[in-house]
Amino acid sequence: QVQLVESGGGLVQAGGSLRLSCAASGRTFNTYTMGWFRQAPGKERDFVAAISWSDVNTYYAASVKGRFTISRDNAKNTVYLQMNSLKPDDTAVYYCAARNRPSIRTYTADFDSWGQGTQVTVSS
């Protein structure tokens with residue numbers, strides 16, 4: 001079983017930046033893809049970005065492409081989400097997720113493990 005812990009959330013002003021971290025522990029040998037999702041109050045959990053664990057293949061939601069960057073450090077079992085040019089619409093709880101297959105997917109049902117989330121609030 002994989003345990004995921006997010007950190008790095010907080011309150012920032014519009015136009016600012018944050019970097020989120022997701023540390024994976026436990027049985028990570030069958031984890032091939034890592035992703036970030038976000039959920040605002042009263043809304044569904046939406047895909048943000050994903051990265052393959054064994055290579056540098058990445059994929060982004062259209063709403064964040066060009067502003068957010070997903071990266072990884074395999075030696076530390078850690079995935080990052082660098083968020084620049086933040087907007088109030090980016091306000092949400094951000095979740096880290098792990099998928100046990102190598103192909104990138106963008107639906108919550110395609111991921112097998114989840115962290116508890118970290119709050120990101122962007123003020124105007």
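The values are calculated or read from the model by the stated rules, or taken from the named source; none is laboratory data. Given the structure is predicted, the values throughout are model-derived calculations rather than measurements. Here Cβ is always computed from backbone atoms with ideal geometry, including for glycine, and neighbour counts include all displayed protein chains. These area figures cover heavy atoms from the full protein model, side chains too; ligands, DNA and RNA do not enter into them. Shrake-Rupley method; radii C 1.70, N 1.55, O 1.52, S 1.80 Å.
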Original post:
What about ALA24, is it more than 27 Å from SER123 (Cβ to Cβ) and surrounded by 17 or more Cβ atoms within 10 Å (Cβ to Cβ)?
Top reply: yes
Original post:
What number of residues in the range 6-21 are loosely packed, with under 13 Cβ neighbours inside 10 Å, touching a strand residue (DSSP E or B) at 6+ places or on another chain (Cβ under 7 Å) and in a loop (DSSP other than H, G, I, E, B)?
Top reply: 1
**OP:** Would you mind telling me which numbered condition in (1) surrounded by 14 or more Cβ atoms within 10 Å (Cβ to Cβ); (2) in contact with a strand residue (DSSP E or B) (Cβ under 6 Å, 6 or more places away or on another chain); (3) farther than 14 Å from LEU4 by Cβ; (4) of a type outside the set (A, V, I, L, M, F, W, C) ARG105 fails?
**Re:** (2)
**OP:** Take the range 34-46 and flag every residue that is open to solvent by less than 30 Å² (accessible area, probe 1.4 Å) and under 11 Å from the mean Cα position of the chain (by Cα).
**Re:** MET34, GLY35, TRP36, PHE37
Original post:
Filtering the range 67-124 down to residues that are within 27 Å of VAL12 (Cα to Cα) and in contact with a helix residue (DSSP H, G or I) (Cβ under 8 Å, 6 or more places away or on another chain), which residue is modelled with the lowest pLDDT?
Top reply: SER124
